[in-house]
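**Q** Structure in structure tokens, see below.
The values are calculated or read from the model by the stated rules, or taken from the named source; none is laboratory data. Because the structure is a prediction, the values reported are computed rather than measured. To get the accessible areas, we keep the full protein, side chains included, count just its heavy atoms, and leave off ligands, DNA and RNA. Shrake-Rupley method; radii C 1.70, N 1.55, O 1.52, S 1.80 Å.
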Amino acid sequence: MNSPIIITKTLPSDFLAIAALDRVAWLNNAHGEFIPDGEHSWRIWCEHAVMYSAKCDEEVVGAILAFACEDGRYCLHKVMVDDSQRGKGIGGMLFKALFDELDEKRVECFLTVDPNNNHAIALYESWGFDERELVEGFYRAHEHRYVMTRKP
């Protein structure tokens, strides 16, 4: 029998497990050779950002993170699920937990995505990110991103 997946507010003590998950998950990106967020960032976010973790048998198997910006919006910075746990609805549970909180705050949320990542774009649209703007050279001259926005 499979152990249940539990979604909880992330604890500061989860930061090392989440940083390790990020290092592996980041390799799935088109430019995975660039450094993902470090342990210091994850330690701060786990305590001070809007963050949820998915756990199975006390082990972190997924996480989602949004942080407040100076203009009052929130940036959905990361969502990730361990490769061995994909296809079980964990990402959807994480999105729901995050958006329940952000909708209660009545704030806009935005994210960036590779314009060639049609699967991710469709997923984000299904969660209400219905505004999209192409920003050419977002990271480097050849790395373009869509900035997608979700209204409360």
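**Q** Could you pull the accessible area for Ile7 with a 1.4 Å probe, rounded to 10 Å²?
**A** 50
**Q** Also, quick follow-up: Long-range amide H contacts for Asp82: which residues qualify at under 5 Å (H placed 1.01 Å from N, peptide plane, sequence gap of 5 or more or a different chain)?
**A** Those qualifying (amide H under 5 Å, at least 5 residues apart or on another chain) are Gly62.
**Q** Additional query: Using the membrane-span-like helix rule (whole DSSP H runs, Cα extent along the own axis of at least 18 Å, mean Kyte-Doolittle hydropathy at least 1.6), which helices of the chain qualify?
**A** none
**Q** Now, a different point. Just one of [x] 45, 37, 31; [y] 48, 35, 20; [z] 55, 40, 29 is Cα extents along the principal axes in Å as worked out from the coordinates here. Which one is it?
**A** [x]
**Q** May I pose another question? Arrange the residues Cys109, Cys56 by how much accessible surface each exposes, largest first, with a 1.4 angstrom probe. Walk me through the intermediate numbers first.
**A** Working: Cys109 0, Cys56 25 Å².
Reading off the accessible areas and sorting them downward yields Cys56, Cys109.
**Q** Here's something else I'd like to know. Kindly report the accessible area of the chain per residue (heavy atoms of protein chains, probe 1.4 Å, no ligands, DNA or RNA), in Å².
**A** With the other protein chains kept in place, the chain gives 58 Å² per residue.
**Q** Right, here's the next one. For the chain, calculate the relative contact order in percent as a whole number, restricting contacts to Cα pairs under 8 Å that are 6 or more residues apart.
**A** 18
**Q** Using 0.36 nm per residue, how much length does the chain from Glu47 to Glu108 gain when fully extended, once their Cα-Cα distance is taken away?
**A** Using 0.36 nm per residue and subtracting the Cα-Cα distance, I get 19.8 nm.
**Q** Given the protein chains as shown and a 1.4 Å probe, how many square angstrom of His48 are accessible, to the nearest 10?
**A** 130
**Q** Something else about it: Could you tally up the Lys pairs in region 40-152 with alpha carbons closer than 18 Å? Skip any pair fewer than 8 positions apart unless they're on separate chains.
**A** Close lysine pairs found across region 40-152: 8.
**Q** Return the carbon/sulfur percentage of the accessible area of the chain, one whole number, probe 1.4 Å, all protein chains in place.
**A** Carbon plus sulfur share of accessible area: 51 percent.
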